[in-house]
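Below you'll find the structure, written out as structure tokens, and then a few comments.
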Amino acid sequence: MVAVLLIAALFVVTASPVAGAKEYLQPTYEFSTNYYDAYGEPDIYASVLGSPEFERGETAQLRVVLSNRGVLYGFKAKTDVDTNNGDHAKSLKEIEYESLRTTAFGLKAEMVSTTDYIEVDPTTSIQTLDSLYPGVLPDNPMSFTITISDNAPAGTYMLLLPVNYEFQSQVEMTDGSTVRLGIPDLDHTTFYKTRNTTLQIPVMIEPGAKFVVSDVEGELTSGQSGVVNVTYTNVGEVEATDSFARIIVMKPLSSDRSIVNLGTIAPGDSKTASFDIAAEISAVEKDYGIDSEIKYCDEDGEIQFSDNIIVEVPLKSRDAGISITTLALAGILLVAAYMGYNTIRRKDEKK
């Protein structure tokens, strides 16, 4: 029996107005008296710190502040007390402890994305707080790392933030008999309940111009120059003015004119840029991925650059009659014929 009591003493739960810590399991009702029931619970809200607007392709910190708007509505007497004895003092002390009923303890929040266009970094998706008192903001916001897809349409997306926490459901005063549990300083015991709430966090993706390659005409031949027509389409929501398309080529390709003026490209419109591209004679026959980008002015007149846009251009080898291999074989045959001719000529001269 003594061993059981000693083990129980290690798990008795207590709460204080300062820390609200839970250190032990509650003693049974024989060791406590309930003088009042308090009414009210924590009421958890979330807000985004800073602007909730982000750009496509951006990886950013989404900082969220939790707040507690819980209200303590009042108390209801459960046990009659005589003002002339010590029970009255204990009942008043219980009211003091009951005032923590609207405080949330052990908060755990997990950010969840509801769309494939926004990814939450799993290493930052879970955040915790020890406690959250009504009207008192945390010292530091929760910070979640999110990545916006390059293909995300502009608009407002709602991320979910399920929050789990505990709060005081009941406080009862002890009569000092808990000393038998090895807890001589425990004057009250606290019971807790768990609550779950799901908050919505808005994330807005800014509208903007976005370009894709919708068509490529023309092909290259090794050892020659050719014209490649690249059609760019604005699939975004904002008009792009004073637009220029630029390609970036590397060996075995080259271009003397890599920048083409496209002018204004409205949402849904397309413009074609013609590029003169030369291929070295040693270029291998295959499809070449050429990097390109578009420089433009947005609706605010600010200069912007598109994401890298790959242009797939096919390249073919020259005709077999003039290929390197053919030329080499032809050279060998010519040398052999010349040597044979010289040998025959020398024999004729000796005769």
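Read-outs: derived from the displayed coordinates by stated rules, not from any lab. From a predicted model like this one, the values you see are computed outputs, not experimental measurements. Glycine also receives a Cβ, built like all others from the backbone with ideal geometry; neighbour counts cover every protein chain displayed.
Once the Cα-Cα distance is subtracted from the 0.36 nm per residue extended length, the residue 242 to residue 197 segment shows a gain of 11.2 nm. In this rough spin-label picture, where each label sits 7 Å from Cα along the Cβ direction, the residue 229-residue 206 distance is 3.6 nm.
To make sure I understand, if each residue's beta carbon is the centre and we count other beta carbons within 10 Å, what order do 309, 277 fall in, fewest to most? Spell out each step's value before the answer.
Details: 309 18, 277 24.
Ranking 309, 277 by Cβ neighbours within 10 Å, fewest first, gives 309, 277.
Going from the residue with the fewest nearby Cβ atoms within 10 Å to the one with the most, 78, 286 rank 286, 78.
For segment 211-322, give the magnitude of the charge dipole about the Cα centre (Cβ charges: +1 Lys/Arg, -1 Asp/Glu; no others), in debye to the nearest 20. Present the calculation step by step, with values, prior to reporting the outcome.
On the way: 8 positive and 21 negative charges, 128 e Å.
My answer is approximately 620 debye.
Spacing of the modelled spin labels on residue 335 and residue 79, each 7 Å from Cα toward Cβ, amounts to 11.3 nm.
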